[in-house]
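Here is the structure we will look at, set down as structure tokens.
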Amino acid sequence: MDINYQTLSFDYRRCREQDHGPGDAQTEYPVIVVGAGPVGLATAIDLAQQNVPVVLLDDDCSLSTGSRAICFSKRSLDIFDRLGCGQRMVDKGISWNVGKVFLQDELVYTFNLQPEAGHHRPAFINLQQYYVEGFLFDRARELPNLEIRWKNKVTGICQQGTPGRADASVTLTVETPDGPYALQGRYVIAADGSRSPIRQLMGLDSRGRTFKDRFLIADVKMEADFPTERWFWFDPPFHPNQSVLLHRQPDNVWRIDFQLGWDADPVLEKTPERVIPRVRALLGADAKFELEWVSVYTFSCMRMDQFRHGNVLFAGDSAHGVSPFGARGANSGVQDAENLAWKLAMVLDGHAPDSLLDTYASEREFAADENIRNSTRSTDFITPKSAASRVFRDAVLMLAREHAFARQLTNSGRLSVPAVLHDSTLNTPDRDAFDGQMVPGASCADAPVELNGQAAWLLGQIGQRFTGVVFCDANGLDDVTRNLLAGLRGSAIPLALTVVVAPGDAMHIDGVTVLTDTDGLVAKRYDATPGTCYLIRPDQHVCARWRNPRNGDVEAALQRALGVAGSA
């Protein structure tokens, strides 16, 4: 039976710090995460899975209300798989790859976000945010080193020591129903939302652009035979001179977004007397439906100048915000979480210097800028701000019916894709020529494999720690590759070793995962030939690759990826 995560409430409990006396020693936790939304939960789970004790604070005692974020991308699903709850999300969610764009009442074109086969997860699922949070919460409470404290509101923050040194820490003042207490952590992750109390307590700002437009979200419960696709209308006859977006969610709930214009009254537009006629205009006068949730919103595209401030690191909406067109908000926040978690674990385990956390800031600031740029372009296309922009947009849409080049210019919300971290200092530049998209800085593509004769997926075998992936042919491993693997086994850094073989090439190597490339898609997507080697980060990003690595190449690249070497 499904749990009703919308009405789930969690009990407040006293914690050990509240019973400390004046002379009692203060416990310092390795990491404190503030905010139990999707980003905070994902970060805390990722750290706990890497044996880092975590305290997660939230000022509420329930999960998200309303559907809010609903579109979760393939990359987020890959991350949720690694966190142990991806399958539940896919089982409950509505999977989709296809979208359609309409001008007035005519179809302009259809697009497929995942036209090729051989991927474990769809391009997107639609799933209400309260389900995502609920499944993450269920996973979180399975982990013994993750403590969640509800009704714990941060009201003060003070950093001690010198950032970057072992004596640095952060003390939070936490307000509870039983009064305040002090909580100390080595690092604090602020995942406390777009109005981030921690950002305000530290006197920090976000900068950017606020869009002068209003949109109505109506979550409508009904039984309908619309296909499981994303439908977007420009200037539809049932809502002229504006735009409308239609998505299906689980439980026979449909998300409808109506553009309203800046002059719309946000209070009036949420009333059933205003919402129901708009929905009937889309669905038909005889449609039977119930309103489940209604909201009117404006939005901004902005970010903090820096995501790291000493031992306080900002992630998700507290660090950056984008328009909802393109589903970049929650998805980029989940990618923040995976980028930050492995780096914190490496620093706390003594495998990397504190300065590795500076690359969290630089990499995710770059990703935020990319998301903001694309989000702004989408919004400017959807809501043109001048007569000339409107003429251009409508001309593009009319040409897109017949001409492929115009479809590239059509922008109904370019959908979230992971940033390629081309310029990351953790990458080792290519020495050899490669084709394809698996460049240093890219997130890894998936492909079907076999493991011990059983069907599996490549991404299920890499991640959580550094992984060396070596390709070989029917002749097996040559002496150079065998020596390479033997040398890597002695690495001081936790390193998993994987060999990819062609079908029919049975092989067993002690301490090494052997994967069969069942359809040849791993070699194709990674442009691999016998002897090719990839070094994959714990967050499943490529950090180095070689046709035939030399002695010391992988170890040097590993050191660089940990921020302890300037060059490879």
As a percent rounded to 5, the proportion of antiparallel DSSP bridges among beta bridges in the chain is 70 percent
Fraction of beta bridges assigned by DSSP in the stretch 448-561 that are antiparallel (%, nearest 5): 60 percent
Taking the highest mean first, how do the peptides 36-42, 47-53 order by number of other beta carbon atoms within 10 angstrom per residue? 36-42, 47-53
Per-selection Kirkwood Rh - the stretch 41-112 (Cα, Å, 1 d.p.): 15.5 Å
Compute and list, largest first, the equivalent-ellipsoid semi-axes of the stretch 88-219 from the alpha carbon gyration tensor, each √(5λ) rounded to a whole angstrom. 41, 22, 17
Thinking of the stretch 379-471 as a set of Cα atoms, what percent of all their pairs are more than 15 Å apart? 76 percent
If packing is taken as the average number of other Cβ atoms within 10 Å across a peptide's residues, how do 68-74, 392-398 rank, most packed first? 68-74, 392-398
Of Thr532, Leu515, Pro38, which is farthest along the charge dipole of the chain in the positive direction, counting Lys and Arg as +1 and Asp and Glu as -1 at C-beta? Pro38
If all Cα-Cα distances of the stretch 318-399 are sorted into 10 Å bins from 0 onward, what percent lands in each bin, rounded to whole numbers? 17, 33, 23, 15, 8, 4
State the volume of the convex hull built on the alpha-carbon positions of the chain, expressed per residue in Å³ and rounded to an integer. 171 Å³
Can you tell me how much longer the chain between Arg209 and Ser194 gets when fully stretched, taken as 0.36 nm per residue apart minus their C-alpha distance, in nm with one decimal? 4.0 nm
Restricting to Cα atoms and excluding each atom paired with itself, what does the Kirkwood estimate give for the stretch 448-561 in Å? 14.0 Å
Would you calculate the separation in nanometres between label points at Ser355 and Ser9, each defined as 7 Å from the Cα along the Cα-to-beta-carbon direction? 5.2 nm
Per the helix-only model, the chain has a calculated mean residue ellipticity at 222 nm (DSSP H runs of ≥4, -39500 (n - 2.57) each, divided over all residues, rounded to the nearest 500) of -8000 deg cm²/dmol
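Bear in mind that the values in this text are calculations on the coordinates, not laboratory data. All values derive from a computational prediction rather than experimental measurement. Virtual Cβ from ideal backbone geometry, glycine too; neighbours counted across all protein chains shown.
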